[in-house]
Amino acid sequence: MAGPVHYEIYIRKTPADSWSLLQATENRKQAVETAEDLLADKRAAAVRVTKETLDPESMEFQSVTVLTLGAPR
């Protein structure tokens with residue numbers, strides 16, 4: 001990712017699985033639509049999209065959950 005902000009899509013294939021990073025993108029709309037499509041197509045039991053913002057001083061990412069859908073753990 002080139003910019004200081006990107007979005008990560010995580011999935012759980014079954015409700016008991018751990019979250020697994022599927023994709024990262026700089027486009028929020030694309031991330032949310034991809035997550036919703038994965039759930040609708042039953043390619044995942046649950047999906048999550050997070051917004052990752054780089055702190056230029058610490059060079060660490062701050063994470064905020066944008067969307068969580070699907071089966072609870």
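Leaving out same-chain residues fewer than 8 places away, which lysines sit with a Cα under 22 Å from that of LYS42?
Of all the lysines, those that pass the test against LYS42 - Cα under 22 Å, at least 8 places apart if same chain - are LYS13, LYS29.
Quick check: net charge around GLY3, other residues with Cβ under 15 Å of its Cβ, Lys/Arg +1 and Asp/Glu -1? Numbers along the way, then the final one.
Working: positive: ARG28, LYS51; negative: GLU8, GLU26, GLU52, ASP55.
After counting each charged neighbour, the total is -2.
How high is the relative contact order of segment 5-70, given as a whole-number percent (alpha carbon pairs under 8 Å, six or more residues apart)?
Working: 131 pairs, mean separation 22.3, N = 66.
So the answer I get is 34 percent.
Round to the nearest 0.05 the FRET efficiency obtained for ASP37 and MET59 when R0 = 25 Å and r is the Cβ-Cβ distance. Mind showing how you got there, number by number?
Values: r = 33 Å, r/R0 = 1.31.
Efficiency computed from Cβ-Cβ geometry: 0.15.
Want the number for VAL5 to SER18: 0.36 nm per residue separation, take away the alpha-carbon distance, what's left?
Stretched fully, the VAL5-SER18 segment lengthens by 2.2 nm.
Helix-only estimate, please: 222 nm mean residue ellipticity of the chain, summing -39500 (n - 2.57) across DSSP H runs of length 4 or more and dividing by its residues, to the nearest 500.
Numbers: 1 runs with 13 residues, N = 73.
Mean residue ellipticity, 222 nm, calculated: -5500 deg cm²/dmol.
Nearest 10 degrees, 0 to 90: what angle lies between the long axis of helix 28-40 and the longest principal axis of the chain (Cα atoms)?
The answer is roughly 20 degrees.
Here are a few candidate values for percent of Cα pairs over 15 Å apart: (1) 73; (2) 57; (3) 51. Which one was actually calculated from the structure I just gave you?
Recomputing percent of Cα pairs over 15 Å apart here picks out (3).
Computed from the coordinates by the stated procedures, all read-outs in this text should not be read as laboratory data. Computed from a predicted structure; not experimentally measured. FYI the Cβ positions are ideal-geometry reconstructions off the backbone, even for glycines, and counts take in every protein chain you see.
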